[in-house]
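First comes the structure, then the notes that go with it.
No lab work stands behind these numbers, since they all come straight from the coordinates. Just so you know, these numbers come straight off a predicted model, no measurement behind them. Cβ: placed from backbone, ideal geometry, glycine included. Neighbour counts: every protein chain shown.
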Amino acid sequence: MRLARLRGPGFTAGRPLCHGCMSGAEGSARAPVFTIMSAIVQFENVGLRYGLDSETLSDVSFSLHGGGFYFLTGASGAGKTSLLKLLYLAQRPSRGVIRLFGEDVVTLPRKRLPGFRRRIGVVFQDFRLVPHLSVYDNIALPLRVAGMEEAEVDAPVSEMLNWVGLGDRGQARPATLSGGEQQRVAIARAVIARPEILVADEPTGNVDADMASRLMTLFEALNRLGTTVVVATHDLPLMGQVTGAQMMRLDKGRLADPTGALRYPPRSRGSA
Amino acid sequence: MAGVADRRAAAAARHRLLPEGRVAGPMPWIIAIMMFLTVLAAAAGLGLGAAVRSMSADLAGRATVQIVEANVEARDALGRRAAQALRGADGVAGVRPVDPATLVDQLRPWLGEEASSGDLPIPALIDVTLTPGGADAKVERLRRLMAGLSPKIRVEPHAAFLLPLAGLLSALGWLAAGIVLLMALATGAVVVLAARGAHDSHRGTIEVLHLMGATDVQTARLFQRRIALDAMLGSLLGFVVAACVILLLGGRLIATGSDLLGAVRLPWSGWAVLAALPLGGVLLAMLAARWTVLRSLGRLL
C-alpha cells in the first residue's frame, strides 16, 4: 500500500505533505489564506440518546465548510464530546442525518467507514496514546494504518516530532512524558496523515497557557494548509486568539443558535 | 533487497502494535497439552485402525478344518483325504496340516501330560489359506465340500473367533477419533476465550486503531498472527512430546512379542496424519481468533 491510499474519495489531489511549513511562528507571520470551500460536514436534526436516557443531543443542525476553523463550546455536560464522537464516526446518531464529504454516513455501510475515518484526525481529551508503543510509533500509527511503505514513514514522523518539539523523545514511552508532551504527541499523531478535518477535544486542557497558545498556533498553521479544524474548548481567551474562527455553543444538548454556527470573531481576521 | 528490508520493517512495526508476550501467557502451554492429548488419541485411533485392518485381512483369508474323530487311524485317514480335497478346491491358496505333536505341545499347559497320552481324543487340524476376496462364499463352498467327505469335519473361519475382538478394537478406534474431534473443539474454544481476553485487554489500542481508520481485517490480522505464533509453539511442543511417548510405547508393544499387540502399529501414512495435526491446530487457532475478533469488532461502529 502506498501513499496514494491515503487519498480516499474527497482527498485534495496533489496536496503536498508539507510538515516543515507548519511551524507556529511561520504560520502566524504568513498572510492568512483561508479558502472556505463547500460544506464538508452537515448535521440535520441530529439527536443522540444513550440507552433509555433523555437525549444528550437534540435537533442539532449545522454545516462546516472546508478550510474553516470552528470552536465548539458549552458548559460541562452540554454534549460537546458526544457531538465530536458523531463527527469522528465513533457513534451513530439516534436520529437525523449526518453528511461527511457529501455522503450520508448514518446509512453508509459499515465497511466504508474506515475510508472516512482516515480523512479525520482526532485529538482525544485523554490523548489515547498506545502505552506500549514509543512516541515515534504512536505518531507513525495513522500512516501505517493507511498502509504507507515503511521507508516513507520515517521522514514525516521525524519532521512531525521536531514540529511538536519532541525530536529527542522519539523512543520514549508515553508514560515517561509530561501531560503537555503527551498532548503534543496526540496532536502530531492526529495531523501526520494530513486529515481533511481535525477534531480536537479540549486539546489545551492539560497544558499551561503558553503551551496552549503554541498548540493553537499549530492548529491555525494546519488550518492555513486547508484542514478544517474543530476544537472543543472552554477557553474563551484561546478562541480569541484565532482570527476568523467560528463558534458553536452547545447548551444542554442543543445548539444555542438554531441557525447553525455562530460567527464569533472577537477580532476580525484583518485586525490580527 | 530494499523491498525485503522494507517489508521486514513494516512487519516489525505491525507486530509492535500488540505487546509481545509469547510463552509467558498460558495459551501456548494449554495448546501444548491439548495437542499432546490429541496426537496420542489420534495415534491410538490410527494404530487400532491399522490393527483392525490387518486382523481383518488376515482372518478373512484363513480358516481351520477340524477333524473330530476319536479313532486315531480313522482321524489320520480322514485328515489325509480332507487335505487332498482342499488342495484341489477352488479359492484355496494353501493347505497346511497342523503337526499333531505341535498341537499336543500347545494343549499341554491346559491338559497336562494327559494331552500326550493318546487317551484323550484331540481333533486333527488343517490350516487353510484362501485366495483374496469373497471369503464367506469360499468358506461356505469348503463346508459343503468337507460335509461330502464326512460329517465329522468342521470348517471354522478365523474371522468368527476374533470378530468380537476386532469389533472392540474398531470401537476403540472410533472412540479415539471422537476424542480427537472433541479436543479440536476444545482447542477452538480455548482460542476463542484467549482471543476475547486479548481483545479485551487491548481494547484501548483497538479503539484507537479503529478510529484511525483501521479496517476490521487489519486489526484481526494482528491477533491472528499473535495467536498463530502461540499455537505454533504449543502445537510443536505437544507434538514432539507425544511423538516421543508414541515411540516409547511402540517399542514396549514390540517387546511383548504378542502378534495381537504387534498388530497395533503406526504406518508412515499415520505419522503423516499426526504431523498434520499441529498444522491443523495452528490453522484452527487462526480461524478461531479471526472469527472472534471480527465478531467483537463488528459491535463497534
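For this structure, a couple of remarks:
- Long-range Cα-Cα pairs in segment B:155-240 (distance over 22 Å), rounded percent: 54 percent
- Mean-position separation - Cα centroids, segment B:33-85 and segment A:40-96, in angstrom: 83 Å
- Counting only Cα atoms, the size of segment B:15-145 along its three principal axes is 91, 40, 16 Å, in decreasing order.
- Pairwise alpha-carbon distances in segment A:142-251 exceed 23 Å for 30% of all pairs.
- Nearest 10 degrees, 0 to 90: helix B:2-16 Cα axis against chain B principal axis: 90 degrees
- Within straight-line cross-link reach of A:Lys111, lysines at Cα separation under 25 Å, skipping those fewer than 8 residues along the same chain: A:Lys85
- Set of lysines with alpha-carbon distance to A:Lys252 below 16 Å, sequence-local pairs under 8 removed: A:Lys80
- Within chain B, antiparallel bridges make up roughly 100 percent of the DSSP beta bridges whose residues both belong there.
- The mean count of C-beta atoms from other chains within 10 Å of the C-beta of residues in A:144-151, rounded to a whole number, is 6.
- Cut-off 11 Å between beta-carbons: net charge of the residues surrounding A:Pro195, Lys and Arg +1, Asp and Glu -1: +4
- With N the number of residues in segment B:69-151, Rg(Cα) / (2.2 N^0.38 Å) evaluates to 1.23.
- Relative packing of B:152-158, A:116-122, which averages over residues the other C-beta atoms within 10 Å, highest first: A:116-122, B:152-158
- Under 17 Å from the Cα of B:Lys138 - aspartates and glutamates, other chains or at least 8 residues apart: B:Asp58, B:Asp90, B:Asp127, B:Glu156
- In terms of overall dimensions, the C-alpha atoms belonging to the protein assembly as shown reach 137, 47, 39 Å along their principal axes, ordered largest to smallest.
- Packing-based exposure ordering (other Cβ within 10 Å, fewest first) of B:Leu149, A:Leu218: B:Leu149, A:Leu218
- Antiparallel content of DSSP bridges confined to the protein assembly as shown, in %, to 5: 65 percent
- For chain B, the Kirkwood estimate of the hydrodynamic radius, built from every pair of different alpha carbons, is 24.4 Å.
- Each residue of segment A:63-68 was assigned a 3J(HN,Hα) from its phi angle through the Karplus curve 6.51 cos²θ - 1.76 cosθ + 1.60 (θ = phi - 60°); the sequence is 10, 10, 9, x, x, x Hz, with glycine and proline shown as x.
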